[in-house]
Amino acid sequence: MPKDPVSRIGVSLPPDLLERFDHYIEEKGYETRSKAIADLMREALLREEWGEAHAEVVGAVTLVYDHHTRGLSEKLTSIQHDHHDIVVATTHVHIDHARCLEITVLRGRVEDVREIGERMISSRGVLHGKIVFAATESR
């Protein structure tokens with residue numbers, strides 16, 4: 001299968017920035033600077049797109065919560081049922097006797113995914129939460 005065509009560019013950087021970048025790409029396991037730069041550019045452009053409320057995304061809402069918090073499980077389930085057209089899947093993991101990890105995959109407009117995720121994260125009893133976006137199109 002042939003690779004996509006690529007364009008070559010030249011970049012001038014201060015030596016200390018390049019040294020830090022080389023250390024970064026080594027830690028992340030990149031094989032080449034080009035691959036690392038392309039991933040960072042792609043991420044920056046997607047982050048810009050995610051600022052547009054109507055852009056389509058896939059998102060994962062990750063929660064760690066105290067399952068002893070009264071009504072929390074029911075509230076999280078209710079939020080998901082209220083948005084069944086956007087919720088793709090949920091995975092629930094028991095971390096220990098008191099804490100659970102829940103990952104909910106959502107697909108829809110940025111504004112909807114963000115609103116649902118923030119409602120879940122701000123629920124009483126949630127100890128930590130994060131929303132991660134991914135593009136729905138190959139870029």
Taking the Cβ-Cβ separation of residue 97 and residue 30 as r and a Förster radius of 41 Å, what is the calculated FRET efficiency to the nearest 0.05? 0.55
Hey, what do the phi angles of the range 5-19 turn into as Karplus ³J(HN,Hα) couplings, whole Hz, using 6.51/-1.76/1.60 and θ = phi - 60°, x for Gly and Pro? x, 10, 10, 9, 9, x, 10, 9, 9, x, x, 5, 5, 5, 4
Take the chain, mark every one of the GluC sites (Glu not before Pro) that falls in a DSSP loop and has at most 14 other Cβ within 10 Å, then report the longest stretch left between them, sites excluded. 53-136
With angles folded into 0 to 90 degrees, how steeply does helix 33-50 sit against the dominant principal axis of the chain? Use alpha carbons for both and round to 10. 50 degrees
Going by Cα centres, the range 55-81 and the range 82-139 are how many Å apart? 6 Å
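Using a probe radius of 1.4 Å on heavy atoms only, what accessible surface per residue do you get for the range 25-86? Whole Å² is fine.
Spelled out: the 1.4 Å probe surface of the range 25-86, per residue, equals 67 Å².
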How large is the direction-averaged shadow of the alpha-carbon convex hull of the range 3-111, in nm²? 11.2 nm²
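The values are calculated or read from the model by the stated rules, or taken from the named source; none is laboratory data. Model, not experiment: these values are computed from the prediction. Here Cβ is always computed from backbone atoms with ideal geometry, including for glycine, and neighbour counts include all displayed protein chains. The area values use the complete protein model at the heavy-atom level, side chains included, leaving out ligands, DNA and RNA. Shrake-Rupley method; radii C 1.70, N 1.55, O 1.52, S 1.80 Å.
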